[in-house]
Amino acid sequence: MARTVRNAKLDTRSARSKLAVSKTPHWVAIDRGRAIGYRKGSKGGVWLAKLVRPGLRKETKLGSSDDVLDPDGDTILSYSQAQEKARAWFQQTEAAANGVSLPHLPVITVAEACRRYIAYLKAEAKTAKDAEQRLNKHVVPSLGVRPVAELTLTELETWRNSLVRLDDDDPDCERRSKDTANRLLNYLKAALNRLMLDQKNGIADDRAWRFLKPFDAVGQARQVHLDQEQITRILNATSGGFRNLVIGALLTGCRAGELKAMRVSDFHNVSGTLHVPGGKTGERDVVLTSEGIAFLQTLTAGRPTDARLFVRDDGSIWNKDDHQRPMSSAVRAAKLPTDTVFYSLRHTYASQALMAGMNVQLLAENLGTSVGMIEKHYGKFTKLARRQQIEAAAPKLGLTATSNVLLLKKR
């Protein structure tokens, strides 16, 4: 990956905001006879590329600048992405000027590979939502303008490692981020490998991603399931808005992000359900217990329907990671296992529900997952639930012990 040529006037969004609107571009030479330009209009800026050599002068528009919207690596470009796209254009333009035919070497970028892969998933009626969201968020902005044929193993390893997150207040943060990186890696490899199926794409070497290894042993954390005594202790260790968030998780099994996004209108008192508007696997309705209904009746009483259902003590909304620090404090105060995290409350809801005899299909619907996933992650609890159901419902003969034979103790 070529080094980005810096320029104090153009390389940041804030620097470009100080420039006046003008039809005359600001040019920056990035190599001999090669330059990228920035032209600022009243509604935003655009990136340009210019190639000058004896007997040849060409200019082209590369895309819009990320003055307002975040870059996507395709039509909206950051300063560094504009340079990468310009270099690909220089290569193609010079080859054409020299009479070199490149039908077998099209410049297919990572962004284009992702776009084609997502279109393939949608056409095949496969699940595309998760792949589309993850690729557009984590891959396209950082790797989107890179020609696939120029990718290197070192470059992809650097990208993969940049996805790892550390948080002193969340002991499971690193594992989760590595697990996310592995999922992204699977999607990216699938998108790139599809290009290899057609020789006309000109991708002859897949070693850059074929030898890129996922992180080991990060697929599943140790699941912490709280018992009733531990539930009481964590409730006693919390207060105010965070306590409401904890109770909401224990009574519904919803994820932290799902609870934070809910509005007062998502609680339906008549049907006794709580609507999850934008869950990880789509919308769903959680069927509530009478205790859950009573809790939400109190929480929603007299409040505007468009207000957030769960708020902080000062009435402000919960941001993405705001729950982690109070959760860590509550875990310490309640003397819970050190690897207890907010997601453990979802595990607790599932295990407690199964042990109380909840139907597996209903539990899966409430959690927004499949029966298969319930059986995979909560297998020991489903077996216990089945045993309890069999003990309660199977025929009994009313036999009494009549034998005088005693079992010998094992030595």
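May I ask you to list the residues in the stretch 320-339 that are over 21 Å from the mean Cα position of the chain (by Cα) and not in a helix (DSSP H, G or I)?
Ala334, Lys335, Leu336, Pro337, Thr338, Asp339
Just give me the residues in the stretch 51-77 being part of a loop (DSSP other than H, G, I, E, B), touching a residue at least 60 places away in the same chain (Cβ under 8 Å) and surrounded by 15 or more Cβ atoms within 10 Å (Cβ to Cβ), in sequence order. Break it down into steps so the answer makes sense when it comes.
Filtering the stretch 51-77 down to residues part of a loop (DSSP other than H, G, I, E, B) leaves 54-55, 66-75.
When the remaining residues are screened for being touching a residue at least 60 places away in the same chain (Cβ under 8 Å), the result is 70-74.
Residues satisfying the conditions are Pro71, Asp72, Gly73, Asp74.
Lys178 fails exactly one of the following numbered conditions: (1) within 18 Å of Ala111 (Cα to Cα); (2) charged (D, E, K, R); (3) modelled with pLDDT of 90 or more. What is the number of that condition?
Lys178 satisfies all of (1) within 18 Å of Ala111 (Cα to Cα); (2) charged (D, E, K, R); (3) modelled with pLDDT of 90 or more except (1).
So, in the stretch 195-205, of the ones that are surrounded by fewer than 16 Cβ atoms within 10 Å (Cβ to Cβ) and touching a residue at least 12 places away in the same chain (Cβ under 8 Å), which residue ends up nearest to the chain's Cα centre (by Cα)?
In this case the residue turns out to be Asp205.
Residue-by-condition table, conditions (1) part of a helix (DSSP H, G or I); (2) under 24 Å from the mean Cα position of the chain (by Cα); (3) modelled with pLDDT under 85:
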residue	(1), (2), (3)
Leu363	yes, yes, no
Asn366	yes, yes, no
Ala385	yes, no, yes
Gln389	yes, no, yes
Lys396	no, no, yes
Ser403	no, no, yes
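Only one of these is surrounded by 12 or more Cβ atoms within 10 Å (Cβ to Cβ) and either of a type in the set (Val, Ile, Thr) or within 25 Å of Cys173 (Cα to Cα) (or both): Ala307, Ala350. Name it.
Working: Ala307 fails: either of a type in the set (Val, Ile, Thr) or within 25 Å of Cys173 (Cα to Cα) (or both).
Within the list Ala307, Ala350, the selection yields Ala350.
Hey, can you tell me all the residues within the stretch 189-214 that are among the charged types (D, E, K, R) and outside any helix (DSSP H, G or I)?
Filtering the stretch 189-214 for residues among the charged types (D, E, K, R) gives 189, 194, 198, 200, 205-207, 210, 213.
Result: Asp198, Asp205, Asp206, Lys213.
Considering only residues that are touching a strand residue (DSSP E or B) at 6+ places or on another chain (Cβ under 8 Å) and surrounded by 15 or more Cβ atoms within 10 Å (Cβ to Cβ), look in the stretch 1-12 and name the one that is modelled with the lowest pLDDT.
Val5
How many of the residues making up the stretch 35-49 are surrounded by fewer than 20 Cβ atoms within 10 Å (Cβ to Cβ), in a strand (DSSP E or B) and of a type outside the set (A, V, I, L, M, F, W, C)?
Selection size over the stretch 35-49: 3.
Checking Leu56 against (1) touching a helix residue (DSSP H, G or I) at 6+ places or on another chain (Cβ under 6 Å); (2) modelled with pLDDT of 90 or more, which test does it fail?
That leaves (2) as the condition not met.
Which numbered condition in (1) within 30 Å of Val107 (Cα to Cα); (2) modelled with pLDDT of 90 or more; (3) of a type in the set (Gly, Ala, Ser) is the only one that Ala204 fails?
Against the list (1) within 30 Å of Val107 (Cα to Cα); (2) modelled with pLDDT of 90 or more; (3) of a type in the set (Gly, Ala, Ser), Ala204 comes up short only on (2).
If the requirement is being out of contact with any Asp or Glu (no Cβ under 6 Å at 6 or more places or on another chain) and at pLDDT below 90, which of these qualifies: Asp266, Asp314, Asp321, Asp285? Outline the logic, then answer.
On the way: Asp266 fails: at pLDDT below 90; Asp314 fails: at pLDDT below 90; Asp285 fails: at pLDDT below 90.
Answer to the check: Asp321.
The values are calculated or read from the model by the stated rules, or taken from the named source; none is laboratory data. Remember, it's a predicted structure, so these values are computed and weren't measured experimentally. Positions of Cβ are generated from backbone atoms using ideal geometry, with glycine treated the same way; all protein chains shown enter the neighbour counts.
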